[in-house]
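**Student:** Got a structure here, written out as structure tokens. Questions coming.
Bear in mind these aren't lab numbers, they're just calculated from the coordinates by the rules spelled out. In this text, all values refer to a predicted model and were calculated from it rather than measured experimentally. Using ideal geometry, Cβ is built from the backbone for each residue, glycine included, and neighbour counts are taken over all protein chains shown.
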Amino acid sequence: MRIENPKVVAALPELGVQWKPGTSLAALTSLAIGGTTDLLRITKHDSIPALLSLLDTEGVPYKFLGGGSNLLVGDGELPWVVLQLVSSQPDIAVEGNFAQVEAAADLGRTVTFCAKHDLGGMEGLIGVPGTVGGALRMNAGAYGMQIGSYVRQVKLYRAAARKIETLEGDQISFEYRHTSFAPDDMMLAVKLELPSKAYPEILKGIRICNEKRRASQPLGQKSAGCIFKNPPGASAGRMIDDLGLKGLNVGDARVSDRHANFFVNAGKASAKDMLALIAEVRERVQKSFGILLEHEVVVWNG
Ligand SMILES: Cc1cc2nc3c(=O)[nH]c(=O)nc-3n(C[C@H](O)[C@H](O)[C@H](O)COP(=O)(O)OP(=O)(O)OC[C@H]3O[C@@H](n4cnc5c(N)ncnc54)[C@H](O)[C@@H]3O)c2cc1C
């Protein structure tokens, strides 16, 4: 979608928005799939309510992009613009057992920054690409931990109230790859409370998690992590593997040979290829196991 409305174009600079017309989302997502649209990079949090109410009143639909590591974006010219936060520097501050982190901060850098201040707990998140905002929205987790366990406060733009608010941790529910935030809430910053742990001990945990990832995931290939959520008491990857579907492909979209719940873009896969592969695998799993797998990857298709 191209912003052509002169009222919107004129307002963007004063709202602190960097306007990048015709941006390729394939270049901004880890799957390297996605068409083009206008990207609006937000440098001033205070201007978000004014920006979003302007877009709403002028009929410009939008979506929020973090690091693009859990997204499958449609092909061609996209029917909405994309909003992305620009982090200010520094974007992480530690005081005692608390870390105050901006949503646009890189998740891996946050884990290592906290580790260097002898704050642990998030070792499992090392190797999870993307931003802290994306991790909050999805309640990212791995190896028995999830970010939600450490969240004490979230500053966010509440679409329903049209203003920036702060929620306490106990006002938010964090479940397996699901949170109680409204779909149009925008995470701006988080306060984490982390357990004290000596840096060398945290580093040991980080190395173990890195090893596990290297041994089981196609890390050098373009993916969005796990495509499906694990159903209660079962493993989506194991079911797909048991059906012998590793290597199954539609065009350049392929079920990874290394991890059956990772689907990779092995060349020039389109969203159409990837969606067809996802549908095929989902149908075969349902036929054989009677389980309809739920997407973990967020699909922006139209
Ligand atoms: C190799 C690989 C390994 C992975 N391993 C794991 C893993 O072990 N565990 C795990 O949980 N995930 C994993 N993932 C998936 C992904 O990295 C996480 O879900 C990550 O937290 C997504 O963050 P992001 O910033 O990239 O979000 P994006 O992909 O940009 O967005 C994901 C969703 O969050 C929303 N969003 C992003 N930022 C904001 C914001 N500021 N406010 C409101 N909504 C926002 C988007 O609108 C979208 O709905 C992996 C991915 C890859 C490629």
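**Student:** Assuming 0.36 nm per residue, please report the length gained on full extension of the stretch Q18 to E294 beyond their Cα-Cα distance.
**Tutor:** On the way: separation 276, 0.36 × 276 = 99.36 nm, distance 3.54 nm.
Gain on extension, Q18 to E294, equals 95.8 nm.
**Student:** So how far apart, in nm, are the two label points at R109 and T43 if each is 7 Å from Cα heading toward Cβ?
**Tutor:** 1.7
**Student:** Which three semi-axes in whole Å describe the equivalent ellipsoid of the chain, each the square root of 5 times a Cα gyration tensor eigenvalue, listed largest first? Could you put the intermediate results ahead of the total?
**Tutor:** Working: eigenvalues 186, 150, 54 Å².
Gyration-tensor ellipsoid for the chain: 30, 27, 16 Å.
**Student:** Regarding region 105-171, what are the three Cα extents along the principal axes, ordered largest first, in Å?
**Tutor:** Principal axes ranked by extent give 36, 21, 21 Å for the Cα atoms.
**Student:** Which of the lysines could a cross-linker span from K7 if the Cα-Cα distance has to be under 24 Å and same-chain partners fewer than 8 positions apart are dropped?
**Tutor:** Within the straight-line cut-off, K7 pairs with K20, K44, K63, K163.
**Student:** Can you tell me the length gained on complete extension of the stretch I164 to D241, counting 0.36 nm per residue apart and subtracting the Cα distance?
**Tutor:** That works out to 23.2 nm of additional length.
**Student:** Listed highest first by mean packing, meaning other Cβ atoms within 10 Å per residue, what order do 257-269, 73-85, 54-66 come in?
**Tutor:** Highest to lowest by the protection proxy: 257-269, 73-85, 54-66.
**Student:** On average over all directions, what projected area in square nanometres does region 5-150 have, based on the convex hull of its Cα atoms? All intermediate terms of the calculation are to be shown ahead of the outcome.
**Tutor:** Values: hull surface 37.8 nm².
Hull-based average projected area comes out at 9.5 nm².
**Student:** Compute the length gained on full extension between S149 and E58: take 0.36 nm times their separation in residues and subtract their Cα-Cα distance, giving the result in nm to one decimal.
**Tutor:** Result for the pair: 28.9 nm of gain on full extension.
**Student:** Summing -39500 (n - 2.57) over the DSSP H runs of n ≥ 4 in the chain and dividing by its residue number, what mean residue ellipticity at 222 nm do you reach, to the nearest 500 deg cm²/dmol?
**Tutor:** Details: 7 runs with 80 residues, N = 302.
Estimated from H runs of four or more residues: -8000 deg cm²/dmol.
**Student:** Now for a separate question. Which of the three applies to region 149-261, rounded, prolate or oblate, going by the alpha-carbon gyration tensor with a ≥ b ≥ c and a/c under 1.5 meaning rounded? Present the calculation step by step, with values, prior to reporting the outcome.
**Tutor:** Working: a/c = 2.49, a/b = 1.49, b/c = 1.67.
The shape class here is oblate.
**Student:** What is the spin-label model distance, in nm, from Y199 to A93 if the labels are put 7 Å beyond Cα along the C-beta direction?
**Tutor:** Distance between label points: 2.2 nm.
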